[in-house]
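Novice: Would you mind keeping the following structure in view while I ask a few things?
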Amino acid sequence: MITIYDLKPKFQGLLRPCVVILAKNNVTANQVTWAALVLSLACGILIYLSHGASWSLLLLPIVLFIRMALNAIDGMLAREHNMKTMKGAMLNEMSDVISDVVLYLPLVFVTGVSPSLLVTFVLIALFTEMAGVVAQAINNDRRYDGPMGKSDRAFVMGLFAILLAFDFLSVTSAMIYLGIVSLLGLVTLYKRMHNGIL
């Protein structure tokens, strides 16, 4: 099944000149990971403090895109510039799930968003990432199966925030939207669990 993760090689190619510059200036992969986490925390706090104001919702897709770029950059720095460490691996995995939580959960304060469905979506995302990591622990094969991996979640939630900001979603349509992406999350969770033990 097609997933945004399939575009990663091309995206990395666009970012490689920036990665080279950062490496030459002694910027570490862990520093980039921390920057992505701090950015996510700041955005989540703004959405929470503004109670989901339109301007903060429109900020979300921008932050999600920057976060995806930083996530790609830290991985390239680690792999291509000899910066791999166990601390970095732990930080990378934990920062991903923390960022998902702090970026998506504040959307419960937006009028018309079902708290139960949103929390369900976030929980499925956490289980999905856990399944990918557990697969690596079992057979050294980190699973990135879609259709609702990290990049896909960023896309659908960025789009969700835009639709909410411009009042394009009714309460019912917002519930349907979250229901569909949650179901896709369950499919992803199953695939990662299934493929992780093959």
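Novice: Ignoring ligands and nucleic acids, what accessible area does Tyr177 show with a 1.4 Å probe (Å², nearest 10)?
Specialist: Near enough 40 Å² of accessible area.
Novice: Around Val122, what is the net charge, scoring Lys/Arg as +1 and Asp/Glu as -1 over all other residues with Cβ under 12 Å from its Cβ?
Specialist: Neighbour charge sum, excluding Val122 itself: -1.
Novice: Round to the nearest 0.05 the FRET efficiency obtained for His194 and Val101 when R0 = 22 Å and r is the Cβ-Cβ distance.
Specialist: 0.30
Novice: Please list, in order along the stretch 120-130, the HN-Hα scalar couplings obtained from phi with the Karplus expression 6.51 cos²θ - 1.76 cosθ + 1.60 (θ = phi - 60°), rounded to whole Hz, x for Gly and Pro.
Specialist: 4, 4, 5, 4, 4, 4, 5, 5, 5, 5, 5
Novice: For the stretch 96-186, what does the alpha-carbon gyration tensor say about shape, rounded, prolate or oblate, given a ≥ b ≥ c as the root eigenvalues, a/c under 1.5 as rounded, and a/b over b/c as prolate?
Specialist: Prolate, since a/c reaches 1.5 and a/b exceeds b/c.
Novice: Can you check what the net charge comes to around Val134, using other residues whose Cβ is under 15 Å from the Cβ of Val134 (Lys, Arg +1; Asp, Glu -1)?
Specialist: It works out to a net charge of -1.
Novice: Counting only residues 5 or more places away or on other chains, whose amide H sits under 5 Å from the amide H of Val113 once H atoms are built in the peptide plane?
Specialist: none
Novice: Separate question: Would you kindly find the accessible area of Leu59, with a 1.4 Å probe and non-protein molecules such as ligands, DNA and RNA excluded, rounding to the nearest 10 Å²?
Specialist: About 50 Å², ignoring ligands and nucleic acids.
Novice: Moving on. With every protein chain left in place, what is the accessible area per residue of the chain in square angstrom, probe 1.4 Å?
Specialist: In whole numbers, the chain has 52 Å² accessible per residue.
Novice: Quick check: with the 1.4 Å probe, what order do Ser170, Ser40 take by accessible area, largest first?
Specialist: Final ranking, largest accessible area leading: Ser170, Ser40.
Novice: Calculate what fraction, in whole %, of the accessible area of the chain sits on carbon and sulfur atoms when a 1.4 Å probe is rolled over the protein chains.
Specialist: 73 percent
Novice: Quickly estimate the mean residue ellipticity at 222 nm for the chain, helices only: each DSSP H run with n ≥ 4 gives -39500 (n - 2.57), and the total goes over all residues, rounded to 500.
Specialist: Only helices count here, giving -26500 deg cm²/dmol.
Novice: I've got another one for you. For the stretch 141-155, in order, what is each residue's ³J(HN,Hα) by Karplus, 6.51 cos²θ - 1.76 cosθ + 1.60 with θ = phi - 60°, in whole Hz (x at glycine and Pro)?
Specialist: 9, 5, 8, 10, 4, x, x, 10, x, 4, 5, 5, 4, 4, 5
Novice: Also, I was wondering about something else. Sort Asp100, Asp167, Asp6 by accessible area with a 1.4 Å probe, largest first.
Specialist: The most accessible residue leads, giving Asp167, Asp6, Asp100.
Novice: Right, another one. Quote the accessible area belonging to Ser173 in square angstrom, nearest 10, computed with a 1.4 Å probe and with ligands, DNA and RNA left uncounted.
Specialist: Here the accessible area works out near 40 Å².
Novice: For the stretch 159-168, in order, what is each residue's ³J(HN,Hα) by Karplus, 6.51 cos²θ - 1.76 cosθ + 1.60 with θ = phi - 60°, in whole Hz (x at glycine and Pro)?
Specialist: Values per residue, Gly and Pro as x: 5, 4, 5, 5, 4, 5, 4, 9, 6, 8 Hz.
Novice: Within the chain, count lysine pairs with alpha carbon atoms under 18 angstrom apart where the residues are 8 or more positions apart or belong to different chains.
Specialist: 4
The values are calculated or read from the model by the stated rules, or taken from the named source; none is laboratory data. Small disclaimer: the values here were computed from a predicted structure and weren't measured. Glycine also receives a Cβ, built like all others from the backbone with ideal geometry; neighbour counts cover every protein chain displayed. Heads up: the accessible areas ignore ligands, DNA and RNA and are worked out on the full protein's heavy atoms, side chains in. Shrake-Rupley method; radii C 1.70, N 1.55, O 1.52, S 1.80 Å.
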